[in-house]
Structures are given as C-alpha cells and as structure tokens.
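Following: one structure in structure tokens, then a few remarks.
The values are calculated or read from the model by the stated rules, or taken from the named source; none is laboratory data. From a predicted model like this one, the values you see are computed outputs, not experimental measurements. Cβ sites come from the backbone with ideal geometry, for glycine too, and all protein chains shown count toward neighbours.
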Amino acid sequence: MAGLIDVLAPEDQEGSRAVVRNWLKAVGETVLLDDPLVELETDKVTQEIPAPVTGILDEILMQGGEKVEPGAVLGRIRLEDSASAAVAPASPAALEKEAAQVPPQATHYSPAVRRAAEEYGIDPATVTGTGKGGRVTRADMDAAREAALAASRSRPAGVSSPSPTRMEKTVGEARARSIKHSPMRLAIAEHMQMSIATAPHVTAVFEADFSAVMRHRENNKAAFAASGVPLSYTAYVVAACVSAMKAVPAVNSRWFEDRLEIFEDVNIGIGTALGNDGLVVPVIHEAQNLSLSGIAARLQDLTTRARTNALTPADMRGGTFTISNHGVSGSLLAAPIVINQPQSAILGVGKLEKRVVVREADGVDTIQIRPMAYVSLTIDHRALDGHQTNAWLARFVETLESWPQ
C-alpha cells in the first residue's frame, strides 16, 4: 500500500505464544522512529515493539488480547509525506474510522492492573499512577486497596461502608467469582502441559548442608556489598551447577529423536516469580566462564529487571538448564518440577532451615544442628538415567558442602 509501512511482530518471538497486550499510541497520533508503539506479552516476557518509521499511526489491525503469530502485521503507519496528501482527517468518515480503530481504554492498563481492578472493585482511572509516563501499576492498585481498607477500619462503630451486590444463589451453591486468565498464565499452562506430554519426568532428591556456604557468605558479603553486588545463596547454587555439569555434561543437553545434543555453554535460567502474574526465566549466559562475583552481579541485574518488567527477549533466550528456587516461598520439596522444554533437566532448591543431623566427630557419632535444604533434579528420562542424575546431584552437593573458606 503506497505510503503505508507495516508494523510487524518479531520473527524470533520469545515464548510459546504471544498476544497483544496494549497499544501505546492511538490511531491518528504522530509517532517517531523507534518510539514504543505496542506491547506484546508471552509466557516469558513483555516486549515493546518500536515504530519502524516516523509518521502517523493509520491502522490498528490487532487489538488487545488477540493472539499474534511471528511476522504478523499489527498495524500500519502512514509516512508523513503521504499523510499530508491524504484526505482531510476531519471528515466524518475518517473520524468514524479512527474511532472504530482506537482500542478500548481498558487495554491501556496491564493485565495485572485489570485483574486487580476486577478483584478489588477499584477503577484504575481513579488511581494516581507511579509508573513510566504516569501509568497505573499493580503496586498502585494494591496501595489503593490498602488505603480503602485502612479508611474502612478507621470508621466509627456502627458506621458501615456499602457492601458489594452479590448474586442470589440457591441453597448449597458455593459463591465464586471469575478472573479471566492473563495471556501469560495461558501461555505458561500451554508450555507446562506440553512438557509433561513430551517428556517422562523422574525426580531424585538429595539433602545439602549449607554450613560452608553460610560461613563463606558471612565472611564476604560486606566486601561484595561495598562493590554494589549483593551475595545471595542463589549465586552459590549457580556456581555449584557449573561444577556438576563438568562431572555429568549430559545433564546440560537437549533430546532429539536421533541424538542427544550436549551444550558447550552452561546457560542457566533462574525461575523468577512475578507474584500473581506468573513467572519468567531470565538466563545467565556462559555461566561456566563467570566467577562467584560475576554470577552474583548477573543475578542482581536480571532479577531486578525481571521485577520491573525491563527484560529483553535476549535475556530470556538460549537457556540450557533451569533452577527453580521454590524454597524462597517456603516449600521444603516440590516434585516433579516441570522441565523447561526443550531442556533435559531442572534443579529444585527447597527451603533452607536448621535441622538436627548426625555427624561423626573424632570417630564418634554426634547430634548437630546444621542449615540444610532438600535439592532435587527432575530429568527427562529419555535423555538421562538414574546413575547420571545421582552423580550430578552428588557433585552439586559436594561443591556446596566443601566450599573453600
């Protein structure tokens, strides 16, 4: 089409599926080259698609919530020279067309904000946004709800606030409310179901003593903090994974029907929860070439950007192995942890807690209190067997328990 430039979805889409999250510009608005134009959401990342040229947004072809295939045309931009030669935009027909193409205002709020609006009964338009450009964030919605609850608690006795209207129900029927699945939740569900259907999952569980790691961390965390890098237990876990991969390289692999592809680089994904919005898995690339401080610095950068929705597709791409640090939310053991396809294994790290254990001291069994955690390796049994799984875990635990001081 003369004078019109297509806005295309990326060909190298990161994630199992993508949907339009919301448009950042309306039809008729002027856009500059590389201006953020539309957001796409996958099970792994939210990605801003920039304007490919300077001009006027002429058409929006895919609205919020629509599924997007790689390379799909999302909309079109009219070049400025062509726009000036076009029919006057003030004509009734043009205004009617423009109004029909402008997405509903609700699509300008993120899925998390829309879910909070439905759950809390708060109109986002009444909330002051603290996000970029004054956008309302989930944290803003949570704060508004807390403020409303605090105001309710401060009312004098006998003064009640209006109660929400509830639907009449028959005897024995449970009250319920519906929350529409977010695109990320649907994509995660699809990916998890595919993984279970694809690979036979088997889990082995060991127990790890973190005494040596805790001593090293206590002696070094101040020096790390002084350089601006927090020293977390996860950094030690990543380093121990690298050590275990040297003992059993086949764990760092991908299954094909005619071969097993064993990767030279150890690219470790870290499952990072985003509250009720799901999770993402940013990747520490070439972890085998990093020191403990290098790993800690990468972790800080990735987790910070994950929780501020600032990850790029490159941050999520190329993982060869994944860590699920489920213990941070309190669980001792999770099994099986679903493998992040097409990888061959995933590590689970449970809650670190003090336990009573038996240790030999000077030839005598003694009862001691040690910081312990269950660690599990869930494997694709097509690619790996039990002896490889146990050998990997044995080296992993040995690395943690013999950490040099």
Hey, among the residues in the range 355-401 that are free of Cβ contacts under 8 Å to residues at least 12 places away in the same chain and part of a strand (DSSP E or B), which one's farthest from Met214 (Cα to Cα)?
-> Val364
Hits in the range 284-314 (condition: farther than 30 Å from Ile179 by Cβ, surrounded by 15 or more Cβ atoms within 10 Å (Cβ to Cβ) and of a type in the set (A, V, I, L, M)) | Ile284, Ala287, Leu290, Leu292, Ile295, Ala296, Ala297, Leu299
Any idea which of Gly275, Gly271 is within 25 Å of the chain's Cα centre (by Cα), on the phi > 0 side of the Ramachandran plot and either at pLDDT below 95 or hydrophobic (A, V, I, L, M, F, W, C) (or both)?
-> Gly275
Any residue at all in the range 78-91 that is at pLDDT 85 or above and farther than 28 Å from Arg317 by Cβ?
-> yes
Pick from the range 136-158 the residues that are buried (at least 19 other Cβ atoms within 10 Å of the Cβ) and assigned to a loop (DSSP other than H, G, I, E, B): which of them is modelled with the lowest pLDDT?
-> Thr137
Could you list, in sequence order, all residues of the range 310-348 that are within 18 Å of the chain's Cα centre (by Cα) and part of a strand (DSSP E or B)?
-> Phe321, Thr322, Ile323, Ser324, Gln343, Ile346, Leu347, Gly348
If we scan the range 195-211, do we find a residue that is closer than 17 Å to Ala296 by Cβ, hydroxyl-bearing (Ser, Thr, Tyr) and either not in a helix (DSSP H, G or I) or not assigned by TED's automatic domain parsing to the domain that holds Ser344 (or both)?
-> no
Within the range 113-135, identify whether any single residue is touching a helix residue (DSSP H, G or I) at 6+ places or on another chain (Cβ under 7 Å), modelled with pLDDT under 55 and under 17 Å from Val20 (Cα atoms), and answer yes or no.
-> no
